[in-house]
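Comments concern the structure below.
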């Protein structure tokens, strides 16, 4: 009997210890849960606003070339209209002159049916053309400069005020005697792109009282466009042509069409 009582007392002691430990554990769990409930939830940071991209430069306007009637002329389609344009700063062979067909063929290959960018250099010339620099789509060298470099056109220095890229292209073409520079024909190298200069009767003939078509002096026009009279030391020298109506610069020595200077 005594042993049974002792066993019960021992079991109660163990049970009380177990219950105490269990109660302590439950209290800890409750405290942990309360602590977690008081911690504020982490607020999501707002995403940064996208930085607007910088405005890119507008794409250049491109126009389709629909006609190339002459080596230095082109017609483009713009807003449903056909606009006539002239290549700025270049002179080209005319229809009845040597190298005309070659110049026209090159112009057609470079422009016809293609998209071009235009830089207007003169709004309207006396013939009603806008004068422009022409850049085929994707090209950085102008059509004008290419025509000069290939010898299909010459640089009109008076029009461009000696535009550097054109001057360099012409030096190269002359050195290689390309296109018109390989011909002895007297082109109007000094004429403007607006109109060909009108020949005037030489002052020498006027002083002698000779007028009319019967008074014809044959001048020597060199391939670089200088005009020499019959008394000049450079008359018939080098490459050139004899013509009664030369187009170019008068010689500084003999005076060319104006005769000797007094």
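The table for this structure:
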{"read-out": "Value of D in µm² per second that Stokes-Einstein yields for the range 63-182, Kirkwood Rh from Cα pairs, at 20 °C (1.002 mPa s)", "value": "150"}
{"read-out": "Relative contact order of the range 63-182, defined on C-alpha pairs under 8 angstrom at six or more residues apart (%)", "value": "23"}
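Values quoted throughout were computed directly from the atomic coordinates according to the rules given, and no laboratory measurement underlies them. On a predicted model such as this, the values are computed, not experimentally measured, just so you know.
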